[in-house]
Amino acid sequence: MTQKAHGRNLKIDVCAAAVRGQDRFLGIKTAILSGERAEESSSRAKYKVIEPDRSDLRNGRRKRYVDRIRPVHDLTEVQVYALIEKYKVQPHPCYYLGWNRCSCKFCIFGNSDQFASAYALSPAQGDKIIGMEDKFGCTIKRKLALTDVIDAGTPYKAITAKMAKVATSHSYTLPIFTNHWQLPSGAYTTGCGPT
């Protein structure tokens, strides 16, 4: 299986499986909003702004109407941050920690700095993944063990104990809106992701 297929299975299919597995989505219309932008990659540039989601079953025996809507698809990163600032929305903590994308913490598409940062935030989770690599004899990065990827990277300088606690908590306690909006350190930085 390719890394792209792994990414699809671990990211996109999780949402589709959740919708398919719940009868509450039958017989109603559901919109799933997602934040892919055309500027991010040549593949994402081809996405439609509105289309039936992979969990849609509007032509099936048990009707399930599910549309995927990408409201920021045609916006640039500059435009997205301008909107967030205009409405004083508090960005996700990962952006203040240095990430330029909100994704899986140990994303298979991450670079060495992202893995070193994720490990700095959650060493127990990182050790669990390292243990799985050893157990299964298969690595996330195909040619490098996760320990080598982490060792090659540098954790983001913006990681603070306060924001790390917020980012790794099981509940979000910061306000959604803020009067003290500031551009996060992860804005306009180089990141990794599917192409």
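The values are calculated or read from the model by the stated rules, or taken from the named source; none is laboratory data. A quick note: this is a predicted structure, and the numbers were derived from the prediction, not measured. All Cβ positions, glycine included, derive from the backbone under ideal geometry; neighbour counts span all protein chains shown.
See the values below:
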read-out	value
Any chance Lys86 is over 24 Å from Pro175 (Cα atoms) and of a type outside the set (A, V, I, L, M, F, W, C)	no
Long-range neighbours under 7 Å by Cβ, at least six apart or interchain, first residue over 20 Å from Phe177 (Cβ atoms) within the range 73-88, second outside any loop (DSSP other than H, G, I, E, B) and among the acidic types (Asp, Glu)	Thr76/Glu39; Glu77/Glu39
Selected residue (criterion: farthest from the chain's Cα centre (by Cα)) from residues of the range 122-159 that are in a loop (DSSP other than H, G, I, E, B) and loosely packed, with under 13 Cβ neighbours inside 10 Å	Gly137
Positions within the range 173-193 being of a type outside the set (A, V, I, L, M, F, W, C) and in contact (Cβ under 8 Å) with a residue 60 or more places away in the chain, in sequence order	Pro175, Thr178, Asn179, Pro184, Ser185, Gly186, Tyr188, Thr189, Thr190, Gly191, Gly193
All positions within the range 27-48 that are of a type in the set (A, V, I, L, M) and either closer than 23 Å to Cys107 by Cα or surrounded by 13 or more Cβ atoms within 10 Å (Cβ to Cβ) (or both)	Ile32, Leu33, Ala38, Ala45
Residue within the range 165-186 that is basic (Lys, Arg) and surrounded by fewer than 17 Cβ atoms within 10 Å (Cβ to Cβ) present	yes
Qualifying positions in the range 109-121 - outside any helix (DSSP H, G or I) and surrounded by fewer than 20 Cβ atoms within 10 Å (Cβ to Cβ)	Asn111
Condition met for Lys48 (basic (Lys, Arg) and within 24 Å of Val19 (Cα to Cα))	yes
Residue match in the range 117-130 (condition: modelled with pLDDT of 95 or more, β-branched (Val, Ile, Thr) and within 25 Å of Pro91 (Cβ to Cβ))	no
